[in-house]
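Engineer: Shown below is the structure under consideration.
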Amino acid sequence: MPWRPSAPALLIMDNGPECISRALDAWAYAQGIRLHVIDRGKPNQHAVIERFNGRLRDECLNEHWFLGLPHARQIVEAWRVDYNAIRPHSSLGNVSPTEFEQCTLDCATTAKMTSPFDHQCRPGSPAFRARLGTTLGWKGA
């Protein structure tokens with residue numbers, strides 16, 4: 001069974017009209033999720049999501065002419081799968097999250113970790129980089 005994240009304890013939002021509705025407030029209360037609204041004119045208080053929103057807009061929404069809601073869902077879902085599983089991420093050593101996960105599992109199995117903080121399986125360690133290179137078929141990793 002694939003890992004599923006639990007609900008967040010806190011949702012950080014801007015002051016957009018989609019984020020200040022009674023329905024959202026009621027839903028968050030029912031789910032036990034706290035809402036935090038950033039200060040007006042301060043998008044840098046939530047820079048990660050601002051960067052993601054810009055990327056989604058530039059790479060997906062601005063590139064397609066949607067013929068209807070089902071078509072939009074199909075296009076956005078394909079982009080989401082690419083973004084979350086296929087495309088390389090610089091924070092993961094320029095490999096895809098799927099490759100990174102597989103390498104992490106391989107490293108943990110091979111190193112027979114005694115604790116989750118085993119130095120051989122840390123992403124920056126030489127052993128991990130060597131394992132990553134072997135898994136991805138790199139020469140001289």
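Engineer: Can you compute the modelled spin-label distance between Ala9 and Leu56, with each label point 7 Å from Cα toward Cβ, in nm?
Structural biologist: Those two pseudo-labels are separated by 2.4 nm.
Engineer: Continuing with this model, one more query. Please identify every one of the chymotrypsin sites (Phe, Trp or Tyr not before Pro) in the range 10-104 that sits in a loop by DSSP and has no more than 10 other beta carbons within 10 Å of its own beta carbon.
Structural biologist: Values: sites: Trp27, Tyr29, Phe52, Trp65, Phe66, Trp79, Tyr83, Phe100; in loops: Trp65, Phe66.
Taking the range 10-104 and a limit of 10 other Cβ atoms within 10 Å, the loop chymotrypsin sites (Phe, Trp or Tyr not before Pro) found are Trp65.
Engineer: Taking H as built 1.01 Å from N, whose amide H comes closer than 5 Å to the amide H of His89, not counting residues under 5 places away?
Structural biologist: Asn94, Val95, Ser96
Engineer: Would you grab the residues whose amide H sits under 5 Å from the one on Val37? Only those 5+ places off in sequence or on another chain, please, with H modelled 1.01 Å from N.
Structural biologist: Those lying under 5 Å, H to H, from Val37 are Met13.
All of the numbers you see were taken from the coordinates with simple rules; none came from a lab. Everything quoted here is computed from the prediction, not taken from an experiment. Quick reminder, even Gly has a Cβ in these numbers, built from the backbone with ideal geometry, and neighbours come from all protein chains shown.
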